[in-house]
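Any read-out appearing in this document is the output of simple, stated calculations on the displayed coordinates, not a laboratory observation. All figures in this text were calculated on a predicted structure; none of them were measured in a lab. Note that we place each Cβ from the backbone using ideal geometry, even for glycine, and neighbour counts take in every protein chain shown.
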Amino acid sequence: MKTLDATALDRAWQFMRLNARLIDRHRFALHFHGAPAAPLLTALAAYQNPDGGYGHALEPDLRGEASQPVPAQHALEVLHQAGADDHPAVDRIADHLTTITTPDGGVPFVLPTVRDAPHAPWWQTPDDPPAAINPTATLAGMLHRARSRHPWLDTATAFCWRHLDDPPADPGPYDVLALLTFLDHVPDRDRAEAAFTRHRDTLAHHARNACTGHHDILDFAPAPGGHGHRLLGDTAVDTALDALIDAQHDDGGWDVRFHIWTPATRPEWRGHITVERLRALRAHGRLEP
């Protein structure tokens, strides 16, 4: 079993200092240097809009200022990592989600304001975008993880259960990730277990197929004990962890496997993913003390 030693972790920090966004440098310092959470929360606040949502390239492939659903998901993850699930920003996010929820009870993947600023070519939407399980299920799962009692969760949770009761035949990899987040954290554990059992083969098939493209097994199983780890199994996860250690670049960081459409996003994504890969190594006991 391979492990990442302190020298390799130091190289990762030097990569972060040279290349990463401030918010990701603060995440690294929080997780691996024992730094306080306050600077991370201050950095996150710069991405928030008056409507409670987030923009300003918190999602690197959305370069605009306007609030979008996926950056709200990034913000909830940062708040959780900072130990701030009870932060007022959590309810402000849910308030914002209420304003963009469709009559079906979910939120769209992306809003039409995406057209007002530079963005990756895959961020496309009609004038009246429908609700989508990605990111509704991720947002609902993260808010459940935060133990939110916001009324939006009732509507969104019902939307997710309806999707699981009658799912499409061919879910995309981001749909699978969203559903796994929802099933990991929704309070009705019996119903979550039943849904996971019912859809396990389909979810596993699409997760494994995604890992031949720009996803990695550790995207689906970032920590032991979740549904993603159960989906893919110990052997696949252990193999992926060994490969991850080998994949550290000479500059100390990790790279992404998806298309880079403008030069600025590569260092931004690399800083983000370097922290996430190190967190996965730590969660699985692969960082040397």
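Could you identify which residue out of Gln48, Gln73, Gln81 has the top mean-square fluctuation in a GNM of the chain using Cα springs shorter than 10 Å?
With Cα springs under 10 Å in the chain, the top fluctuation among Gln48, Gln73, Gln81 is at Gln81.
Per DSSP H run of at least 4 residues, take -39500 (n - 2.57); add these up for the chain, divide by its residues and hand me the 222 nm value, nearest 500 deg cm²/dmol.
Here the helix-only value at 222 nm equals -18000 deg cm²/dmol.
If you build a Gaussian network model of the chain, linking Cα atoms that sit under 10 Å apart, which residue out of Ala195, Ala94, Ala117 swings the most?
Among Ala195, Ala94, Ala117, the largest mean-square fluctuation in the Gaussian network model of the chain belongs to Ala117.
Taking the Cα centre of the chain as the origin, how large is its charge dipole in debye, to the nearest 20, when only Lys and Arg (+1) and Asp and Glu (-1) carry charge on their Cβ atoms?
Dipole magnitude for the chain comes out near 520 debye.
Give the range of the longest stretch in the chain that excludes all trypsin sites (Lys or Arg not before Pro) found in loop regions by DSSP and having at most 13 other beta-carbon atoms within 10 Å.
3-146
Region 247-289: which chymotrypsin sites (Phe, Trp or Tyr not before Pro) are DSSP loop and have at most 16 other beta-carbon atoms within 10 angstrom?
In loop regions of region 247-289 (DSSP not H, G, I, E or B), the sparsely surrounded chymotrypsin sites (Phe, Trp or Tyr not before Pro) are Phe258, Trp261.
Taking Cα pairs under 8 Å and at least six residues apart, what relative contact order does region 114-188 come out at, in percent?
47 percent
Hand me the chymotrypsin sites (Phe, Trp or Tyr not before Pro) from region 98-187 located in a DSSP loop with no more than 14 other Cβ atoms within 10 Å, in residue order please.
Taking region 98-187 and a limit of 14 other Cβ atoms within 10 Å, the loop chymotrypsin sites (Phe, Trp or Tyr not before Pro) found are Trp122.
Which whole-number percent is the relative contact order of the chain (Cα, under 8 Å, 6+ apart)?
Here the relative contact order equals 22 percent.
Describe numerically, in nm with one decimal, the distance between label points set 7 Å from Cα along Cα→Cβ at Asp116 and at Arg189.
Distance between label points: 4.4 nm.
Find, to one decimal place in angstroms, the Kirkwood hydrodynamic radius of the chain, where the mean of 1/r is taken over every pair of different Cα atoms and then inverted.
Taking the inverse mean of 1/r over all distinct Cα pairs, the chain comes out at 19.5 Å.
Take the alpha-carbon centre of region 95-169, take the same for region 11-61, and report the distance between them in whole Å.
Measuring centre to centre over Cα atoms gives 24 Å.
Can you sort Tyr47, Tyr54 from fewest to most other Cβ atoms within 10 Å of each residue's own Cβ?
So the residues, fewest neighbours to most, are Tyr47, Tyr54.
Near the amide H of Tyr54, under 5 Å away, which other amide H atoms are found, from residues 5 or more places off or on another chain, if H is placed in the peptide plane?
Asn49, Gln68, Ala72
Is the C-alpha gyration tensor of region 46-136 telling us rounded, prolate or oblate? Criteria: a/c under 1.5 is rounded; beyond that, a/b larger than b/c is prolate, otherwise oblate.
Note, shape of region 46-136 comes out oblate.
Taking the Cα-to-Cβ direction at Asp242 and at Met1 and moving 7 Å from each Cα, how far apart do the two end points lie in nm?
1.3 nm
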